[in-house]
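J.: Have a look at this one before I ask anything.
Quick note: the coordinates plus some simple rules give every number you see, no bench work behind them. Just so it is clear, the structure is predicted and the values come from calculations on it, not from any experiment. Heads up, the Cβs are rebuilt from the backbone with ideal geometry, glycines too, and the neighbour counts pull from every protein chain shown.
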Amino acid sequence: MGQLFQLDGKRLQEQYIRHLSGFMTWDQLEHAEDWVLFPENIGEYLSLDEVCLSQGELYTVLTNKEAKGKKGALLAMVKGTVSEKVISILEQMPIRIRKKVKEVTLDLAPTMERIARRTFPYAKLVSDRFHVQQLAGDAVQQLRIEYRWEAIDQENKEIEFAKEIKKSYVPNILENGDTVKQLLARSRHLLFKQDTNWTPSQRQRAEILFQYYPLLEKAYRLSRKLSYIFSNTKEKGIGFTRLAQWYNEVEKSGLKTFGTVSRTIQNHYQTILNYFDKRHTNASAESFNAKIKSLRAQFRGVRNVEFFMFRMMKIYA
C-alpha cells in the first residue's frame with residue numbers, strides 16, 4: 001500500500017497504528033501484553049487450551065465454542081500457563097456470568113483442569129478424546145523407536161564384525177525390499193492409521209513388521225481399540241464398561257509403554273467419561289490456535305504483542 005501511493009511503508013504502518021486504527025485509545029492497551037479479557041463473549045460451552053505466540057512464550061486461551069472461531073469467539077488470552085495467574089484474571093468476570101458456563105473442554109494438563117474448576121465451579125469438565133488417543137499412539141511409536149534403536153545397534157555390530165573378518169557387509173533384505181532398520185523407520189505412518197486405510201505396500205510392510213515384532217502388533221491393536229471406543233460409543237455407561245475392559249487388556253498385555261496411558265485414563269476417568277454425554281472435543285480450540293498461528297504468519301512474527309492482541313480483538317472478539 002505504501003509503495004502504491006509512494007509513501008514510506010514503515011511510516012505508514014506507524015501512522016496506522018498510532019492514529020488510524022484506534023489502537024492508542026484501546027481500553028485494554030495497558031495490560032494487553034499480559035492479558036486481554038472479553039466477558040461479553042462468554043457462553044455455555046467453552047474451550048480451554050494453550051498456544052505458542054512468540055519466541056516460545058505460551059498463552060492460555062479461552063474461547064466460546066458457539067462462535068465457531070468467528071467474531072465473539074475469543075473470551076480471554078493470558079500470558080503463561082500458571083494457574084493462579086490465569087484464575088485471577090478470569091475471576092474478574094462476575095460470578096453471575098461465570099455460572100452460565102455449562103461445560104469446558106480441555107486437555108489432560110492438571111493446570112488447565114485447576115483453572116477450569118476454580119473459575120467455572122458449576123461447569124462440567126470434558127477431557128479431549130484426541131489427547132487420550134494421542135497418548136496411545138505415542139506409546140505405540142515409543143515401542144517402534146525402541147526396536148529401531150536395537151536394529152541400528154545390531155546393524156553396527158554386523159558391520160564391525162564384517163570389517164574384522166575382512167568381508168563386505170551385506171544387509172539382510174526383507175521380501176518387500178526393506179532392511180529391518182528401514183522397515184521400522186518406514187512403518188511410522190501406517191501405525192497411526194486404521195488398517196482398513198492401509199495402501200497395498202503399507203499392508204505388506206505391516207504384515208512383515210508384525211511377524212518380526214508381535215508385541216508391536218499388540219500395542220497397535222490396543223491403540224486402535226481405544227480409538228474405536230471413542231468413535232463408536234454414544235452412552236456414558238457403555239463407554240465406562242468398554243474403557244474398563246480396555247484397561248484390563250492393557251494390564252494383561254504387559255506392555256510397559258501403555259502403563260502411562262492406562263494410569264492417565266484412571267486418573268482422569270470422570271472428565272474422560274463426560275465426553276460421551278455430548279461428544280464434545282477440544283477441536284474448536286485447536287482450530288482457533290491455528291487461526292492465531294496464521295495471523296502470526298501474516299505479521300511475519302509477533303514483534304508488537306500489544307498490537308497483535310488488538311488485531312485479535314478486532315477479528316475474534
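J.: By the scheme Lys and Arg +1, Asp and Glu -1, what is the net charge of all other residues having a beta-carbon under 14 Å from that of Ile159? Walk me through the numbers before you get to the answer.
T.: Values: positive: Lys157, Lys163, Lys166, Lys167, Lys181; negative: Asp153, Glu155, Glu158, Glu160, Glu164.
Net charge in that neighbourhood comes out at 0.
J.: Another question about this same structure. Order these peptides, 239-251, 117-129, 158-170, by their mean beta-carbon neighbour count within 10 angstrom, highest first. Write out the running numbers ahead of the final one.
T.: Details: 239-251: 16.5, 117-129: 19.4, 158-170: 9.8.
Most protected by this proxy first, the peptides run 117-129, 239-251, 158-170.
J.: If I take R0 = 41 Å and measure r between the Cβ atoms of Glu235 and Gln134 in this structure, what FRET efficiency does the formula 1/(1 + (r/R0)^6) give, to the nearest 0.05? Each step should come with its number before you reach the end.
T.: Working: r = 24 Å, r/R0 = 0.59.
So the FRET efficiency works out to roughly 0.95.
J.: Also, quick follow-up: Express in whole angstrom the spacing between the alpha-carbon centres of the range 138-205 and the range 263-294.
T.: The two parts, judged by their Cα centres, are 34 Å apart.
J.: In degrees, nearest 10, range 0 to 90: what is the angle between the Cα axis of helix 283-298 and the longest Cα principal axis of the chain?
T.: 70 degrees
J.: Where Lys and Arg each count +1 and Asp and Glu each count -1, what net charge lies around Val305 among other residues with Cβ under 12 Å from its Cβ? If you can, show how the numbers build up before the last one.
T.: Details: positive: Lys79, Arg296, Arg303, Arg311; negative: Glu33, Asp34, Glu57, Glu306.
The answer is 0.
J.: For a Förster distance of 30 Å, can you work out the FRET efficiency between the beta-carbons of Asp153 and Phe192, rounded to the nearest 0.05? Before the final figure, lay out each step's value.
T.: Values: r = 25 Å, r/R0 = 0.84.
In this case the efficiency is close to 0.75.
J.: Using the Kirkwood radius over C-alpha pairs as Rh, can you work out the diffusion coefficient of the chain via Stokes-Einstein at 4 °C, viscosity 1.567 mPa s, in µm² per second?
T.: It diffuses with D of about 56 µm²/s by this estimate.
J.: Provide the convex hull volume over Cα atoms per residue for the range 184-288, in Å³.
T.: Values: hull volume 13.6 nm³, N = 105.
Residue-normalised Cα hull volume stands at 130 Å³.
J.: Label points 7 Å out from Cα along the Cβ direction at Leu215 and Ala297: separation in nm?
T.: 4.0 nm
J.: Further question on the same structure: Provide the gained length on full extension for the span Thr199 to Glu33, in nm with one decimal, where the gain is 0.36 nm per separating residue minus the Cα-Cα distance. List each step's numbers first, then the result.
T.: Values: separation 166, 0.36 × 166 = 59.76 nm, distance 4.86 nm.
Using 0.36 nm per residue and subtracting the Cα-Cα distance, I get 54.9 nm.
J.: Next up: Peptides 303-311, 71-79: what's the order by average Cβ count within 10 Å, highest mean first? List each step's numbers first, then the result.
T.: Working: 303-311: 17.9, 71-79: 22.1.
Those peptides, ordered most packed to least, come out 71-79, 303-311.
J.: Please get the size of the charge dipole for the range 253-317, origin at its Cα centre, with Cβ charges of +1 on Lys and Arg and -1 on Asp and Glu, quoted in debye to the nearest 20. If you can, show how the numbers build up before the last one.
T.: Numbers: 11 positive and 3 negative charges, 60 e Å.
The calculation lands at about 280 debye.
J.: OK, next. Quote the relative contact order of the chain in percent (integer), defining contacts as alpha-carbon pairs under 8 Å separated by 6+ residues.
T.: 22 percent
J.: Over the range 74-174, what number does the Rg to Rh ratio reach, with both radii from the alpha-carbon atoms and Rh per Kirkwood?
T.: Values: Rg = 25.8 Å, Rh = 18.2 Å.
In the range 74-174, Rg relative to Rh is 1.42.
J.: Could I ask something else about it? Can you list residues from other chains, or at least 5 along the same chain, whose modelled amide H is less than 5 Å from the amide H of Gly72?
T.: Ala317
J.: Please list, in order along the range 71-76, the HN-Hα scalar couplings obtained from phi with the Karplus expression 6.51 cos²θ - 1.76 cosθ + 1.60 (θ = phi - 60°), rounded to whole Hz, x for Gly and Pro.
T.: Along the range 71-76, the couplings run 4, x, 7, 7, 9, 6 Hz.
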